[in-house]
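The values are calculated or read from the model by the stated rules, or taken from the named source; none is laboratory data. If you're wondering where the values come from, they're calculated on a predicted model, not measured in any experiment. Neighbour counts run over all protein chains shown; Cβ positions are idealised from the backbone, glycine included. To get the accessible areas, we keep the full protein, side chains included, count just its heavy atoms, and leave off ligands, DNA and RNA. Shrake-Rupley method; radii C 1.70, N 1.55, O 1.52, S 1.80 Å.
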Amino acid sequence: MRYVSTRGTGTGISLSEAITAGLADDGGLFVPEKFPRVAAGAIVSSPLSRTALHVLEPFFEGDPLANELEAIAGAAFDFPAPVTRVQGARVDVLELFHGPTAAFKDFGARFLAACMTRIERGAAPPLTILVATSGDTGGAVAAAFHRQPGIQVVILFPKGRVSPRQEHQLTCWDTNVSALAVRGSFDDCQELVKAAFQDASLRETCRLSSANSINIGRLLPQTVYYSAASLQVWERTGEPASFIVPSGNLGNATACLWAREIGMPIEHVVLAHNANRTVPDFLDSGSWRPRASVATLASAMDVGDPSNMERLRARYPDLDSLRAGISAAWVTDAEISQRIAADFRAYGRTWCPHTATAAEVFARMPSTQRRAANWVLVSTAHPAKFAEIVERLTGRDVPMPPALASLLRRPRRHVEIESTFRALAGYLQEKCSSH
Ligand SMILES: *Cc1c(COP(=O)(O)O)cnc(C)c1O
């Protein structure tokens, strides 16, 4: 299997090369040159790691990592993604928050880490992964790479602008993971990372890489839980599943479409956005107008120019085929709040603000549409991560999942830097030359 750029130049490279490169030379994103058909029958009711092996095998064909896929899948898929029924409503929930940082990004980050440590084995000097984060990504990447050999991680976050629990998850690491509190905004952090990648003299000392959500090594593993969940619905009902996916950068939604592409029993895919409505507006109007993001309660979805749109448009080049493939809706903060309160009262279920966008899109459907498919709400994070929002709406404490509780007991440490390239470069020069 070769991986080609969405911009259609170049002849394609191996999966390992695509994971290492992150972005194609022409600025496009990597996609598989073709989608294999995966026989689903063999993996009904398998553990997730076995489903992963079966679903991902064709994507690793011919790659140096192919022989290690079983070990990679075992390391990355060591926590479940259960489908649970909402009692009293005709809907299921795909729970993606049972990993170490209680959000779906754990799947992609852990799979990427398992691949990268194997690709890097024996390479010197160690690879330095730079991550700018506004919250969830940094924690998942840190947890995934913590104490992995041959790789160090440096996280940049905007000082004082992430929630206390998020900050704890970014700063509770030791050995190969360090956190920099930048005196500036998230955009400043991103600019600093970009500047580091472009600085020739810094790159002489440091081998830099990213673990960004556009990396194909984060996307492919996300097809696995959609495969497993759709087969579970199929087994129970004899019909395909339809997913409502809380969406920001569209990585999770793209993975759902790819699972359908390889032959999994998936019917509708509906994207639920917050007030960052670039995608729903595009499907309505046909004109693509990326814009600056606006802050919402579902902050991990505050994206005004979703990068994976490029993958969707490469797959569905004209508007009609795109509209046939997906639909999209958006939800205000007031609706997110009302939905969390209402569904807690009606069903005793507590949604995180991101999951609540999907619950709202479902609740809004006419009842004929709700009954016409086996709808599955994709739950992207545990509500305890957003306790300060959720608890005032439900009037109850949200119990903390044990993995998250144990992270929040770890001691914290970080280094504070000015928001200047000089400050970052100085820090990195020292970090990289001490090896
Ligand atoms: C990142 C994130 C999203 C958005 O996922 P994309 O793949 O960027 O569309 C939704 N919910 C949570 C909790 C997230 O962390």
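Of the residues making up region 361-383, none is assigned to a helix (DSSP H, G or I), over 30 Å from F197 (Cα atoms), touching a helix residue (DSSP H, G or I) at 6+ places or on another chain (Cβ under 6 Å) and in contact (Cβ under 8 Å) with a residue 60 or more places away in the chain. Applying the condition of being open to solvent by 30 Å² or more (accessible area, probe 1.4 Å) and in a strand (DSSP E or B) to region 62-94 and asking which residue is nearest to the ligand (Cβ to nearest atom) yields T84. Has region 95-113 got any residue that is open to solvent by 10 Å² or more (accessible area, probe 1.4 Å), away from the ligand (no atom under 14 Å from the Cβ) and outside any loop (DSSP other than H, G, I, E, B)? Checked against the condition, which is being open to solvent by 10 Å² or more (accessible area, probe 1.4 Å), away from the ligand (no atom under 14 Å from the Cβ) and outside any loop (DSSP other than H, G, I, E, B), region 95-113 yields at least one hit. Could you say whether any residue in region 138-146 is touching a residue at least 12 places away in the same chain (Cβ under 8 Å), more than 16 Å from the ligand (Cβ to nearest atom), farther than 24 Å from V303 by Cα and not acidic (D, E)? Yes - at least one qualifying residue is present in region 138-146.
Taking the criterion of being in a loop (DSSP other than H, G, I, E, B), within 12 Å of the ligand (Cβ to nearest atom) and among the β-branched types (V, I, T), the residues of region 267-307 that qualify are T296, V303. The set of residues in region 395-425 being without any contact (Cβ under 8 Å) to a residue 24 or more places away in the chain and either more than 30 Å from E204 (Cβ to Cβ) or surrounded by 18 or more Cβ atoms within 10 Å (Cβ to Cβ) (or both) consists of G395, D397, P399, M400, P402, A405, S406, R409.
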